[in-house]
1. Read phi for every residue in region 122-128 and hand back ³J(HN,Hα) as whole Hz from Karplus 6.51 cos²θ - 1.76 cosθ + 1.60, θ = phi - 60°, with x for Gly and Pro.
2. Just the accessible area for Glu46, please: 1.4 Å probe, Å², rounded to the nearest 10?
3. So for region 97-175, averaging the separation of alpha carbon pairs under 8 Å that are six or more residues apart and normalising by length, what relative contact order in percent results?
4. Positive end of the charge dipole of region 1-135 (Lys, Arg +1 and Asp, Glu -1 on Cβ, about the Cα centre): tell me which of Ser15, Pro2, Asn105 has its Cα farthest that way.
5. Let me know the charge dipole size of region 15-108 about its Cα centre in debye, to the nearest 20, where only the beta-carbon of Lys, Arg (+1) and Asp, Glu (-1) is charged.
6. Within the set of other residues whose C-beta is less than 15 Å from the C-beta of Lys136, count the net charge using Lys and Arg as +1 and Asp and Glu as -1.
7. So what does the Cα-only Debye profile of region 1-109 read at q = 0.17 Å⁻¹, as log10 I(q)/I(0), no solvent term?
8. Determine how many Å³ per residue the convex hull of the Cα atoms of region 46-104 encloses.
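The values are calculated or read from the model by the stated rules, or taken from the named source; none is laboratory data. Since the structure is predicted, the reported quantities are computational estimates derived from the model, not experimental observations. Reconstructed Cβ throughout: ideal geometry from the backbone, glycine too, with neighbour counts over all protein chains shown. Please note that ligands, DNA and RNA were not included when accessible areas were found on the heavy atoms of the full protein model with its side chains. Shrake-Rupley method; radii C 1.70, N 1.55, O 1.52, S 1.80 Å.
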Amino acid sequence: MPLQAVMLVVDNSESSRNGDYTPTRFDAQVDAINILFDSVTQGNPESSVGLMSMGGKGPEVLSTLTTERGKLLEGLHRTKKKISGSSHLATGIQIASLALKHRQNKSQRQRIIVFVCSPVADEEKKLVSLAKKMKKGNIDIDFILFGDLDDDDVHKKLEAFNNIIKGNDNSHLVVVPPSGKLLSDQLLSTPILLGEGASGGGGGGGMAEGGGDFFDFDPSADPELALALRMSMEEENARQARAAKEEEAKNKSNLEDIKEEGESQPLLDERGEASGSGSEDKKDKDSGDKMDMS
């Protein structure tokens, strides 16, 4: 995976108390956030993840960008006590983008992943305008729409947003309908975790971009195995890169110690002077002087 700075936006509105996902929609998000954290940080150890909520009285940053899972879990524990109100999607995305702007490593790719399980009050026109702004700022945005919502209004608004920003091919809208499976399990086979080429729907199939064909293995058949294979290949590539660097450093060190044929020591001493030409000559001269004086 590329070097990323990812802000996860959790929906802690009143709708997150719903039990159509076991045990609740909010707890389903907690499990999914653990999977997303592993995917980002294991994909590249220099990537970082932040967390914020968009329900209650308003959006709140729960954890700035970090590589420590405990900070995210602590933030989730705090916000679970603040489940109330409605979601503030547009404001939440804007605050998340500001958090990414202040990332320490500017080479990190900016990405926002938003969980949505409640009605969206923002007008479609406002969301489309925000999508253009995010696209101009080169920020990837993924939506995870889940839960049994009463109408298609939320889907239409998110789709309109995604149609604007998906031009960079790194932003996705994933719809996960209620089922007997865990939300986290269904995300394993989506483009958010597998990359381009996977199906946009929950539990969809397709091959992961950049991950080869998994030896003709269909990732939708076993999402967990697909993710494990992808991680394994990325770790092997990283190991090979480290080994190449170590070999290069070793060869460079050996070149510095190369001796001329018939020489018993390197051509240059520690000071960069010709070996045997400095202190030894001086020592021989001093010895000769002493002999003459006697």
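1. 4, 6, 4, 4, 5, 5, 5
2. Number for this one is 120 Å².
3. Values: 95 pairs, mean separation 27.8, N = 79.
Relative contact order comes out at 35 percent.
4. Toward the positive end, the furthest listed residue is Asn105.
5. Details: 12 positive and 8 negative charges, 77 e Å.
That gives a dipole near 380 debye.
6. Working: positive: Lys101, Lys132, Lys133, Lys135, Lys166; negative: Asp140.
Local charge sum for Lys136: +4.
7. The computed values of log10 I(q)/I(0) come out as -0.76.
8. Values: hull volume 3.8 nm³, N = 59.
Value for region 46-104: 65 Å³ per residue.
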